[in-house]
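Colleague: Structure below; questions to follow.
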Amino acid sequence: MEAPMAPPLTPDQLARINENKAPNVVVVVSIFMGLSTIAVALRFAARASRHMGFGMDDWLAVGALIFTISFCALCIVSVPYGMGVHIWAADPTQAWKILEVSFWIALIYHVAHWFIKMSILAFYKRVFTLNIAWFRYSVYGLAVYTTGWLIACFFAALFQCFPPSFFWEQHNPTLNPPPEGSCGADNAPLVIASSALNSVGDIIIFALPLAVLWKLHLSRTRRIALGLVFVTGAFAIIAGIIRLTRTFSAIDLNADTTWIIGDIYVWTAVEIAAGLICACLPIIEPLLGLATRVVSSYISERSSRRIPIGHSSKSSSAFAKARRSVTRCEGGGSTTNLGSNPRVIMRTDEYFLETRPKDAMFSSWDIPMHGIDAQSVSNV
């Protein structure tokens, strides 16, 4: 018995048969793969510039980068199989391979998000003293939630069909006889549930520090700057929500699957990479401040050459006197004698620090302050 012939293409399908969004997908995933790599590299550069040891949050970020690059690479691998073209223009003997790639992408997606979230939570533990019960329990609770989400979603995706290869081989028209196997779960609801639960975790994790930043003894400018660093996580959350809506579009039996999956890959890459970049921004921010000061110092030095010699000598003398008041402190920073005000923000070699009361929960923006209190600083 001959296989039924495919229905003839409509005029609209004929007009769109050469459309292809694969080049755009490749460009976008490549850009975000590069940005996430740069972000992690700058993260380690920022640690090294302050002579600080690398922590668990840094190594988790490396793990997240490995899986982010793997995800982006698989998106590009699926291009020759018809990803990004309309389903009526794809070669049916090759298009089924997109499902095989999607299977591995789904597994990588879960692991990458676990590394990103755990890196952020480890950073919270490193920066915040966690001496307020509700914040400490929230951090640990989110770590348990994220790990539980990974285990449940990873193995549900891995064993939704048995054997796992049946997930894509059942759609291979070239196999004769057809493969044997069964699927115990529908892929679409599984993907939707996984994405929704992931977005819930993202929202809570990125919103958690905002609840305490406004309680710290920081200047308004510094408080807003730190808040904006964490609010950038909203971009990753929005990308995840858009990805979820595109997944809904792919459920329809008559959906243009190979075309829609291009959008899903793009927004998934944006979601993962943006999450990793946001996890690195708080560590990179002091490095950017250091670069700004170097540029400002260079400009000031160039300008000082135009100042009369007598005035320049007085300025140099005043600068040398002020520099002698700088005292090195633990963690590689330095504090200057700015008076006895315990809430003053002081300039260090790398960034601003703040002396804090004993019940504060923010440990000096990622620098150890053990043995340093307001009284000892004011006596420098």
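The values are calculated or read from the model by the stated rules, or taken from the named source; none is laboratory data. None of these values were measured; they are calculated from a predicted model. Glycine also receives a Cβ, built like all others from the backbone with ideal geometry; neighbour counts cover every protein chain displayed.
Colleague: Go through the stretch 118-136 and report how many residues are out of contact with any Lys or Arg (no Cβ under 7 Å at 6 or more places or on another chain) and closer than 22 Å to residue 52 by Cα. Can you show your working first?
Modeller: Restricting attention to the stretch 118-136, the residues satisfying the condition of being out of contact with any Lys or Arg (no Cβ under 7 Å at 6 or more places or on another chain) are 118-129, 131-136.
Checking the rest, the ones that are also closer than 22 Å to residue 52 by Cα come to 118-129.
Number of matching residues: 12.
Colleague: Assigned to a helix (DSSP H, G or I) and over 26 Å from residue 161 (Cβ atoms): is that true of residue 102 in this structure?
Modeller: No; evaluated as a whole, the condition is false for this residue.
Each row is one residue, and each column tells you yes or no for (1) closer than 30 Å to residue 249 by Cβ; (2) among the polar types (S, T, N, Q); (3) touching a helix residue (DSSP H, G or I) at 6+ places or on another chain (Cβ under 8 Å).
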site	(1), (2), (3)
140	no, no, no
150	yes, no, yes
164	yes, no, yes
173	yes, no, yes
183	yes, no, yes
186	yes, no, no
189	yes, no, no
195	yes, yes, yes
204	yes, no, yes
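Colleague: Out of the stretch 174-191, which residues are at pLDDT 85 or above and not polar (S, T, N, Q)?
Modeller: 175, 177, 178, 179, 180, 181, 183
Colleague: Sticking with this structure for a sec: Six or more apart or on different chains, Cβ under 7 Å: which pairs go from a residue in the stretch 80-108 that's of a type in the set (D, E, K, R) to one that's part of a loop (DSSP other than H, G, I, E, B)? Could you list them?
Modeller: 91/82
Colleague: Could I ask something else about it? Out of contact with any Pro (no Cβ under 8 Å at 6 or more places or on another chain), part of a loop (DSSP other than H, G, I, E, B), on the phi < 0 side of the Ramachandran plot and not charged (D, E, K, R), is that true of residue 164?
Modeller: Answer is yes for this residue.
Yes/no matrix, rows are residues, columns are (1) of a type in the set (A, V, I, L, M); (2) crowded, with 21+ Cβ neighbours inside 10 Å; (3) in the same structural domain as residue 58 (by TED's automatic domain parsing); (4) at pLDDT 85 or above:
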site: 233; (1), (2), (3), (4): no, yes, yes, no
site: 251; (1), (2), (3), (4): yes, no, yes, no
site: 254; (1), (2), (3), (4): no, no, yes, no
site: 306; (1), (2), (3), (4): no, no, no, no
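Colleague: From 146, 129, which residue is in the same structural domain as residue 275 (by TED's automatic domain parsing), of a type in the set (S, T, N, Q) and modelled with pLDDT of 95 or more? Working first, answer last.
Modeller: Working: 129 fails: modelled with pLDDT of 95 or more.
Just a single option satisfies the conditions, and that option is 146.
Colleague: Among residues belonging to the stretch 205-230 that are surrounded by 15 or more Cβ atoms within 10 Å (Cβ to Cβ) and within 15 Å of the chain's Cα centre (by Cα), point out the one that is modelled with the highest pLDDT.
Modeller: Among those residues, the one meeting the criterion is 205.
Colleague: Taking the stretch 90-100 only, how many residues are surrounded by fewer than 20 Cβ atoms within 10 Å (Cβ to Cβ) and not hydroxyl-bearing (Ser, Thr, Tyr)?
Modeller: Kept after step one, since they are surrounded by fewer than 20 Cβ atoms within 10 Å (Cβ to Cβ), are these residues of the stretch 90-100: 91-94, 97, 99-100.
Filter once more, so that each one left must be not hydroxyl-bearing (Ser, Thr, Tyr): 91-92, 94, 97, 99-100.
Residues meeting the conditions: 6.
Colleague: A further question on this structure: For the stretch 131-152, enumerate the residues that are part of a helix (DSSP H, G or I), hydrophobic (A, V, I, L, M, F, W, C) and in contact (Cβ under 8 Å) with a residue 12 or more places away in the chain.
Modeller: 135, 139, 142, 143, 149, 150, listed by residue number.
Colleague: Please pick out the residue among 56, 118 that is under 17 Å from the mean Cα position of the chain (by Cα) and either free of Cβ contacts under 8 Å to residues at least 24 places away in the same chain or surrounded by fewer than 19 Cβ atoms within 10 Å (Cβ to Cβ) (or both).
Modeller: The match here is 56.
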